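First the structure, in the form of structure tokens, and then the observations on it.
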Amino acid sequence: VVSTQSTGGCLGGLLSIWAQQIQVEIQVREPHKLQQIFTSFPVTMLGSTATIHVPDLLEGEKKDILFSVSLAESSKTEREDFAFINAKYKRVSSPEIASLPTTTLCIKRREMTEEQVKQLRTQASQEVDQQRNRVLTAEAIKSAVQAYEANPNNLEMVRNTLLQVKQRLEKSSSRDSTFTRGLVSDVDECLLRYRSEQAVRSGGYAWAQQAQQQHWGQRANQNTNVSYSNQSQVCMQGRARHYNLSLIHISEPTRLRR
């Protein structure tokens, strides 16, 4: 069976690319420190500025980049700007480089008890918590891939790591969201596919490789239980239909002549 729908999907995807060579700059003001950027996209550092390089964005697509900052202690109570985010990209329809307005991150300190600080840390916003869970899931599935490559006989350790991540997802503040429930389902799927060496060889390893890449890139297909909701999939499907490509059935395989 040869499907030209897949060809249409590829063409639709190419025609749906909205921006390329995206550069997101994160500059943290001293004495604060940028601790970590949780992404699989290439990152370059120049002084106190980190630049994340995103290859492309489809029309209507959104990418979330999670990062952590260590804030220096201070007795100041007034508003304080501690980081600046800039972005520039190349338009597909134009050779010009476009820039977005600078986003300023600020804090306003207030006196709090240790209990209030602890409570505040556990009350992360739903969106931030979901992205934190996405990173946890991507790292867990990636570790499953790497552990199998290092030692195919040590599946018990892989499964224990996946079970620990599943427990963290189920205890997170966004555990009831559709997004996090989808991540839990993907961890369950990975546990199922890593139940035995035979299961891993029979598609489990390939599934895990693709799943972790999709969660890192935030561009998933039907292989995962998470829907990265954006308009790009609709655009691709619509543009593919524009070509009136249909499914072609070939009754007999083509044989090569000697």
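The values are calculated or read from the model by the stated rules, or taken from the named source; none is laboratory data. What you see is a predicted model; the values in this text were computed from it and never measured. Here Cβ is always computed from backbone atoms with ideal geometry, including for glycine, and neighbour counts include all displayed protein chains. Ligands, DNA and RNA are excluded from the accessible area calculation, which covers all protein heavy atoms including side chains. Shrake-Rupley method; radii C 1.70, N 1.55, O 1.52, S 1.80 Å.
Quick one: would you say Arg201 is surrounded by 12 or more Cβ atoms within 10 Å (Cβ to Cβ), of a type in the set (Lys, Arg) and over 24 Å from Asp56 (Cβ atoms)? So Arg201 fits the description; yes. Asp176 satisfies every condition listed in (1) farther than 20 Å from Glu127 by Cα; (2) surrounded by fewer than 12 Cβ atoms within 10 Å (Cβ to Cβ) except (1).
Scanning region 25-48 for residues that are out of contact with any Leu (no Cβ under 9 Å at 6 or more places or on another chain) and β-branched (Val, Ile, Thr), we see that the one that is surrounded by the most Cβ atoms within 10 Å (Cβ to Cβ) is Val43. Condition check: open to solvent by less than 30 Å² (accessible area, probe 1.4 Å) and assigned to a helix (DSSP H, G or I). Does Val135 satisfy that? Against the criterion (open to solvent by less than 30 Å² (accessible area, probe 1.4 Å) and assigned to a helix (DSSP H, G or I)), Val135 qualifies. Residue-level analysis places Leu105 outside the set of residues that are in contact (Cβ under 8 Å) with a residue 60 or more places away in the chain and surrounded by 12 or more Cβ atoms within 10 Å (Cβ to Cβ).
The lone criterion from (1) of a type in the set (Lys, Arg); (2) out of contact with any Ser or Thr (no Cβ under 9 Å at 6 or more places or on another chain); (3) closer than 30 Å to Arg79 by Cβ left unmet by Lys171 is number (3). Here is the figure for region 135-179: residues that are polar (S, T, N, Q) and modelled with pLDDT of 95 or more total 3. Among the criteria (1) within 24 Å of Ala50 (Cα to Cα); (2) touching a Leu at 6+ places or on another chain (Cβ under 6 Å); (3) part of a helix (DSSP H, G or I), the one Ala87 does not fulfil is (3).
Sort out which residues of region 178-219 are part of a loop (DSSP other than H, G, I, E, B) and over 16 Å from Leu136 (Cα atoms), and write them in order of number. Once the filter is applied, which keeps residues that are part of a loop (DSSP other than H, G, I, E, B) and over 16 Å from Leu136 (Cα atoms), region 178-219 yields Tyr194, Arg195, Ser196, Arg219.
In the set Ser74, Ser94, which member is out of contact with any strand residue (DSSP E or B) (no Cβ under 9 Å at 6 or more places or on another chain), open to solvent by less than 70 Å² (accessible area, probe 1.4 Å), without any contact (Cβ under 8 Å) to a residue 40 or more places away in the chain and not in a strand (DSSP E or B)? After applying the criteria, what remains is Ser94.
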